[in-house]
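For reference, the structure is listed below as C-alpha cells.
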Amino acid sequence: MQAMPLDRVYVWVGRHVSGGEAREVSSIVAAHGMMQVEDPASADLVLAIGDDRDILDAIQAVGDSDTPILGVSLGNSVSYLSSISLDELGSALEMLRRGEYELATHARLRGVVDGSTVVYAMNEIAVFPSRSATLMSYELLVDGDLVWMDRADGVLVATPLGSTAYALSAGGAVVLEGARVLEVVPVNSVDPSKRPLIVPDTSRIVIKNVSSRHPCEVVADGGKRVKVRREVTISRSERPIRIVKVSSRPSVRETLREKIAAEAADMPPSAKFVLKMLELKGPMSAREIAELTLLPERTVRYALSELLRRGLVRRSTSLRDARQVYYELAR
C-alpha cells in the first residue's frame, strides 16, 4: 500500500493503561515527529492503547470519523483488534511510513437514542432492561413499516462482523463479512415465531415504544450505555471503521483456535459462551460477564472455573484496585 502520512495522531488511552505506559506512548509519538491532536477527525491515525474493549471504546470516542485505527496491546501478544504490542509501536510506525500495512474496513452502526444522543458500534447495538432477565415490550419498524410487536429480554441489531458475537449467542445467523446486510435478533422472545431478521444495510431500523418494569438502556458494543425512554433509530454509518494491521502474527483468535477445538468436544455450552464474550469484548469481571451474557452468576462462575482449569483464560487484577479481579484470554 501507499505510505501513510503520520504528521498528526490522536491517542486513546484504555482504562487499564498506567501513567508510565501513557507517557511511553507520547514519547514514541514525539520521537517519530508526530503531533498529538485532540480531534480524531483531524488526525492521520488513531492509536488505541489497551485491549479489545479499549479499542471498541476508542471507536465510540472517534464518532463518525473514518481515521484509521491502530490497536496497540500492552502485553507481549496481540488481540483480535490489535496487531502489535507497545514494544513494537516504534517499528510499526516506520512500517506505516513505508506502506507495509493492511487496512481492514468494517461496517459501523449509528444509533440515535430518543432523537438526540448518538452512539456508534462495530459489532452491535442492543436494547435491554437495566436489570437482567426482565422482559421488555417494544415495536420493530424497518423503513417505516411495522415488522412486529414483541416482549423479550431484549433486541439487538448487528453488523456482519458482529453476527459472530452476541447475535450468534442469542440465536442469530452467521453473516459473512462483505455481505451488505444487517441482522435484527430478538433475545429470548416470549413468542417463538419471532426469529432473527436479515435486512439490507441501507435499512432504517427503529425500535420504539420501549417499556419495562425497570429502565431500559441502549448498549453499544457491550460498553457504551445510554438510557432510552422512547426509541432508538439504527442505521449503517456512511463512514466505515478502518482497522490498521501491521503484523503477520496470528491474533489471539487464531492462536487459540486449535486449543479450543481440542477442548470443545466436552466443554459446557456456558463455558463456550463466556469464552466467546471474553474473546470479543476483552477482560471483564464475573459480574460484568453475567450482566453482558444474562447468565446467572453461579453459571458464570462455573464456566470460568472450567476455562481456568483448561488454561483458556487467566485471572488478572485491576491496576487501580487490586481487589477487583478480571478474567481475560490466556496468552
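Here are a few things to note about the model shown:
- Single match in Val300, Val244, Val252, Val313 (criterion: at pLDDT 80 or above, within 30 Å of Glu94 (Cα to Cα), touching a helix residue (DSSP H, G or I) at 6+ places or on another chain (Cβ under 8 Å) and open to solvent by less than 40 Å² (accessible area, probe 1.4 Å)): Val244
- Residue tally, condition surrounded by 14 or more Cβ atoms within 10 Å (Cβ to Cβ) and part of a loop (DSSP other than H, G, I, E, B), over region 1-42: 9
- Pairs with Cβ under 6 Å, 6+ apart, first in region 180-198 and closer than 12 Å to Leu156 by Cβ, second assigned to a loop (DSSP other than H, G, I, E, B) and β-branched (Val, Ile, Thr): Glu183/Val175
- Selected residue (only one of Val13, Val17 is within 23 Å of the chain's Cα centre (by Cα), farther than 14 Å from Ile243 by Cβ and at pLDDT 90 or above): Val13
- Qualifying positions in region 149-174 - closer than 22 Å to Asp201 by Cβ, open to solvent by 30 Å² or more (accessible area, probe 1.4 Å) and either in a strand (DSSP E or B) or in contact with a Ser or Thr (Cβ under 6 Å, 6 or more places away or on another chain) (or both): Val174
- The number of residues in region 128-148 being closer than 14 Å to Asp191 by Cβ and assigned to a strand (DSSP E or B) comes to 7.
- Residue check for Asp52: within 30 Å of Tyr327 (Cβ to Cβ) and crowded, with 16+ Cβ neighbours inside 10 Å: yes
- The set of residues from region 78-105 being over 19 Å from Gly14 (Cβ atoms) and either touching a Ser or Thr at 6+ places or on another chain (Cβ under 7 Å) or of a type in the set (Ser, Thr, Tyr) (or both) comprises Ser91, Tyr101, Thr105.
- Scan of region 1-54 for residues that are over 30 Å from Leu275 (Cβ atoms) and in contact with a Pro (Cβ under 7 Å, 6 or more places away or on another chain), ordered by number: Tyr10, Asp44, Leu45
- In region 92-118, the residue that is least open to solvent (accessible area, probe 1.4 Å) out of those that are under 13 Å from Pro68 (Cβ atoms) and hydroxyl-bearing (Ser, Thr, Tyr) is Tyr101.
- A count restricted to region 153-177 and to residues that are at pLDDT below 95 and farther than 14 Å from Ile198 by Cβ stands at 9.
- Failed item in (1) touching a residue at least 40 places away in the same chain (Cβ under 8 Å); (2) open to solvent by 40 Å² or more (accessible area, probe 1.4 Å); (3) assigned to a loop (DSSP other than H, G, I, E, B), with Ser65 passing the rest: (2)
This table checks each residue for (1) within 23 Å of Asp145 (Cβ to Cβ); (2) open to solvent by less than 50 Å² (accessible area, probe 1.4 Å); (3) among the acidic types (Asp, Glu).
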residue	(1), (2), (3)
Glu177	no, no, yes
Val190	yes, no, no
Pro200	yes, no, no
Ser212	no, yes, no
Ala220	no, yes, no
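The values are calculated or read from the model by the stated rules, or taken from the named source; none is laboratory data. Source: prediction; values computed, not measured. Note that each Cβ is placed from the backbone with ideal geometry, even for glycine, and that neighbours are counted across all protein chains shown. Accessible surface areas use protein heavy atoms only, side chains included; no ligands, DNA or RNA. Shrake-Rupley method; radii C 1.70, N 1.55, O 1.52, S 1.80 Å.
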